[in-house]
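The next block holds one structure in the form of structure tokens; read it before the comments.
Derivation of every value follows stated rules applied to the coordinates shown; laboratory data play no part. Everything numeric here is computed off the predicted structure, so don't read it as measured data. Virtual Cβ from ideal backbone geometry, glycine too; neighbours counted across all protein chains shown.
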């Protein structure tokens, strides 16, 4: 949406979005409004309603919902971090002010990779939160795992309600992918780690002193673009840092 074209009769962009939506559909509901990464909103429309929305003043583009699948790669090599660089991730107090925000399947907070031993207070610039839900309480966050949120409106608009007998409607990771990626990026040192007793050693993330904030956007039926964008929008609002 082109913010400069908002009619003067609206005090809030969300009211303008809702009015625009009502003009093409009386039944559609706003799923999300976006104010940081982009300006706009998400909803569910018929193709004809989407075409009508595109003709309204201030509408720059109308994009379809997309469903994405998870993929795992050799992360350090992919990021060019397979060679140790002391300047990139210094072992100093200031490195603990970095917040790595991960959009994935959530987090298993009990993992030792999210131990906050040795970390000081969270910076006052952090505005994020720890959302409670199925099998997850706000008290599970700590000075390492400083934020945990979940986004399911886009998923549920297409797939129906999250089946809580199969997965947690919360930041809880029932898949393992999100816990893997977030601990790879910024997991604390875990001594004596092994795979079924083999390859024993210390497991650690690439930026072990960084804080972690998790945004669950992927569910059993996939990861939907409206939820991903909502998480990015919220992550930008929570604090400036790596995403």
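By the count of neighbouring beta-carbon atoms within 10 Å, fewest first, 63, 31, 196 end up ordered 196, 63, 31.
What do you get when you divide the Cα radius of gyration of region 3-64 by 2.2 N^0.38 Å, with N the number of residues?
Details: Rg = 10.9 Å, N = 62, 2.2 N^0.38 = 10.6 Å.
So region 3-64 has a normalised radius of gyration of 1.03.
Each part reduced to its alpha carbon centroid, region 113-168 and region 198-240 end up 10 Å apart. Note on region 143-206: Cα Rg divided by 2.2 N^0.38 Å, N the number of residues, gives 1.47.
Per-peptide packing, taken as the mean over residues of other Cβ atoms within 10 Å, places 132-139, 103-110 in the sequence 103-110, 132-139 from highest down.
Using a Gaussian network model of the chain in which every pair of alpha carbons under 10 angstrom is joined by a spring, one finds that among 174, 227, 18 the greatest mean-square fluctuation is at 18. Segment residue 12..residue 67, full-extension length gain: 16.8 nm, with 0.36 nm per residue of separation and the alpha-carbon distance subtracted.
Restricting to the chain, what percent of DSSP beta bridges are antiparallel, rounded to 5?
45
Ordering 166, 216, 234 by the number of other Cβ atoms within 10 Å of each residue's own Cβ, fewest first, gives 166, 234, 216.
Rg of the Cα atoms in region 93-202, relative to 2.2 N^0.38 Å, amounts to 1.17. Listing 219, 16 from fewest to most neighbouring C-beta atoms within 10 Å gives 16, 219.
Placing dummy labels 7 Å off each Cα toward the beta-carbon, the span from residue 37 to residue 200 is 4.3 nm. Length gained on full extension, residue 164 to residue 48, computed as 0.36 nm times the residue gap minus the Cα-Cα distance: 38.4 nm. Out of every Cα-Cα pair that the chain contains, those further apart than 25 angstrom amount to 49 percent.
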